[in-house]
Amino acid sequence: MRGAWIGLRRVLFAAGLALLGSLPGHGQELTLYTEENPPLNFSRDDQLTGFSTEIIRTLSVRTGDPVRIELGPWTRGYAKAQSEANAGVFTTARIPVREAAFQWVGPLTQTLTRFYVRKGSALRITSLEAARAQRLVLPRQWYSYEYLQGQGFDNLYTVTSAETMMQMFRQGRADVLAASDIALPGLLSMVGMSPDEVEAQFVFLRHESYLALSPQTDPAVVRRWQAALDGLKRDGGFAMSYRRWFASPSVPPRLLEVAP
């Protein structure tokens, strides 16, 4: 009987550990990197906030996988998210050149990226070819940099941050700005500019943005996070967050699609 009791205790102990591991806060800890990119992810009063940040934290609770979010330069976070296990970066454009570099959870946003010039400028950018004649300033490893580089652009001048890019644009050291419709207001505000000080030009990219997890992360974690996001979309939580952060009362239908 004593042997049977010891065996039963061992079974119960193992079952208890399994249950503990399935409870919120006892899953796989993830380190997620992000940058200042309002309204998706940014700091306010020393706190990280934004639409994507809100979604990420909700998914962390639903999956039971705690997250540590680090705000910093995009190039550093992007590199770490490709080389570290249980790491990721958000909010990340999913474009063909990046497809094999990450495992993807999303989509979170849908974006148009275009060229902008300062209001009153004589420049007109009506095609990619027209943009090749202009000096473009972009942070290295931004999706727009990677996309244009893949299109054979050799007029790309790289900087270390979005703020440096915007300072150069404001000072006239770059005549053309490449930015998404979502990010534009926040980028301009970095240097005291407003949207009415620029003119929209050619749209060169339509894309969706995701949470990108490293190749070394367990695929089961990726599936768990995608399932949690799909659940958030089914129960209306995603749409509620979207309307809090964006002026549009309706969510783009593509963002509400879920796996069958």
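The values are calculated or read from the model by the stated rules, or taken from the named source; none is laboratory data. Values in this document were obtained by computation on a predicted structure and should not be read as measured data. FYI the Cβ positions are ideal-geometry reconstructions off the backbone, even for glycines, and counts take in every protein chain you see.
Here are some notes:
- Verdict on ARG68 being in a helix (DSSP H, G or I), farther than 14 Å from TYR210 by Cα and not β-branched (Val, Ile, Thr): no
Listed here are the residues, each with its yes/no results for (1) under 29 Å from ARG224 (Cα atoms); (2) of a type in the set (D, E, K, R); (3) free of Cβ contacts under 8 Å to residues at least 40 places away in the same chain; (4) not in a loop (DSSP other than H, G, I, E, B).
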position	(1), (2), (3), (4)
THR91	yes, no, no, yes
ARG98	yes, yes, no, yes
VAL105	yes, no, no, yes
LEU108	yes, no, no, yes
THR111	yes, no, no, yes
PHE115	no, no, no, yes
ALA122	no, no, yes, no
SER144	no, no, no, yes
THR164	no, no, yes, yes
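- Any chance THR217 is free of Cβ contacts under 8 Å to residues at least 40 places away in the same chain and polar (S, T, N, Q): no
- Checking each residue of the stretch 166-177 against the condition of being within 17 Å of VAL203 (Cα to Cα), modelled with pLDDT under 95 and not β-branched (Val, Ile, Thr) gives at least one match.
- The set of residues from the stretch 124-133 being assigned to a loop (DSSP other than H, G, I, E, B) and either in contact with a Leu (Cβ under 7 Å, 6 or more places away or on another chain) or of a type in the set (A, V, I, L, M, F, W, C) (or both) comprises ILE125, ALA133.
- Among the residues of the stretch 42-57, those identified as in contact (Cβ under 8 Å) with a residue 12 or more places away in the chain and either under 14 Å from GLY106 (Cβ atoms) or in a loop (DSSP other than H, G, I, E, B) (or both) are GLY50, PHE51, SER52, ILE55, ILE56.
- Checking each residue in the stretch 247-260 for being in contact with a helix residue (DSSP H, G or I) (Cβ under 7 Å, 6 or more places away or on another chain) and outside any helix (DSSP H, G or I) picks out PRO249, VAL251, VAL258, ALA259.
- Some residue of the stretch 174-186 being touching a strand residue (DSSP E or B) at 6+ places or on another chain (Cβ under 6 Å), of a type in the set (Asp, Glu) and not in a strand (DSSP E or B): yes
- Selection within the stretch 75-124: residues that are among the small types (Gly, Ala, Ser) and not assigned by TED's automatic domain parsing to the domain that holds VAL222. The member of this set that is surrounded by the most Cβ atoms within 10 Å (Cβ to Cβ) is SER121.
- Any hit, the stretch 163-186, residues being out of contact with any Leu (no Cβ under 9 Å at 6 or more places or on another chain) and hydroxyl-bearing (Ser, Thr, Tyr): yes
- Evaluation of ASP175 against (1) among the charged types (D, E, K, R); (2) outside the structural domain of THR53 (by TED's automatic domain parsing); (3) within 30 Å of ALA87 (Cβ to Cβ) (one fails), failing number: (3)
- Odd one out for THR49 among (1) within 18 Å of ALA162 (Cβ to Cβ); (2) at pLDDT 95 or above; (3) buried (at least 20 other Cβ atoms within 10 Å of the Cβ); (4) of a type outside the set (Lys, Arg): (3)
- MET240 meets the conditions (1) more than 29 Å from GLY152 (Cβ to Cβ); (2) assigned to a loop (DSSP other than H, G, I, E, B) in every case but one. The failed one is (2).
- Subset tally (residues that are surrounded by 15 or more Cβ atoms within 10 Å (Cβ to Cβ) and part of a strand (DSSP E or B)) for the stretch 203-236: 9
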